[in-house]
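Okay, structure first, notes after.
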Amino acid sequence: MKRSTIAATAGTALLLVLTACGGGGPSEPAAPPATTADGTESPAAPSPTASATTGGTAEPADETDEPVEDVAYSTEAQNDPEWPSAGGDLLPVAVRAGAHEGFERVVLDLEGTGTPGWRVEYVDVAIEDPRGTEIDIDGDATLQVIATGVRIPEEDELDRVLPSGEVDVEGTDVVEEVYVTGIFEGQNQAFIGLDSERPFRVFTLTEPSRLVVDIQTED
């Protein structure tokens, strides 16, 4: 399936992560340290670069933190209990993706206060909100990720926000592409292209704030 990229300026753009992946342009901030299962922190991966028309390259999603409460894998649409909640006052700053035993993970890193609201579901066609433009996403199945409680960056924050567009993913087999459309009316939209429709789970982590999408790779 061909890839397509929709140009957007960093001032209005965001994304993900599905390791949730660049070209030249302004430097992005380093991703926050990854937290291991024993609570220690590993050094953050080097910052990627990105242009105004591409989402760049996803940082590795090394942490394998579990959700606070049990979250089941499912192919059905999932959302937070208060959807469509505002969530907070957050800036999306990076997308990370990675492979782990039994699942592949996409992470949207956020800076600011609060916890994002979210809804994730399979869609037949990736449609950019609000333009209504169809986006060609790699893979045979597409997850739409909506995060709420995000805000447009201030003028002095433009170099800290992940630009919109195609985000390259490395080291994953199930996750083929992450595409970030940007921020609109307090929501951030992204798409995760997969090799097939698989069960997934969604949850948030704090300190720092993260929206996590895990895609099951084994039965």
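The values are calculated or read from the model by the stated rules, or taken from the named source; none is laboratory data. It should be emphasised that the depicted structure is a prediction, and the values quoted were computed from it without experimental measurement. Here the Cβ positions follow ideal geometry from the backbone for every residue, glycine too, while neighbour counts run over all protein chains shown.
Let me spell it out: the conditions are (1) crowded, with 24+ Cβ neighbours inside 10 Å; (2) in contact with a Ser or Thr (Cβ under 8 Å, 6 or more places away or on another chain); (3) in a strand (DSSP E or B), and V178 meets all of them except one. Which number is the exception?
(2)
Take the conditions among the β-branched types (V, I, T) and either more than 15 Å from the chain's Cα centre (by Cα) or under 20 Å from D168 (Cβ atoms) (or both) and apply them to V120. Does it pass?
For V120, the condition - among the β-branched types (V, I, T) and either more than 15 Å from the chain's Cα centre (by Cα) or under 20 Å from D168 (Cβ atoms) (or both) - is not met.
Regarding T115, is this residue surrounded by fewer than 24 Cβ atoms within 10 Å (Cβ to Cβ), β-branched (V, I, T) and over 20 Å from S209 (Cα atoms)?
no
For residues in the range 80-99 being out of contact with any Gly (no Cβ under 8 Å at 6 or more places or on another chain) and surrounded by 15 or more Cβ atoms within 10 Å (Cβ to Cβ), which is farthest from T142 (Cα to Cα)?
It comes out as V93.
Are any residues in the range 164-175 in a loop (DSSP other than H, G, I, E, B) and of a type outside the set (D, E), and if so, which ones?
S164, V169, G171, T172, V174
Among the listed residues L194, L110, which satisfies the condition of being at pLDDT 95 or above, of a type in the set (A, V, I, L, M, F, W, C) and surrounded by 23 or more Cβ atoms within 10 Å (Cβ to Cβ)?
The conditions single out L194.
May I ask you to list the residues in the range 197-219 that are basic (K, R) and more than 21 Å from I137 (Cα to Cα)?
R210
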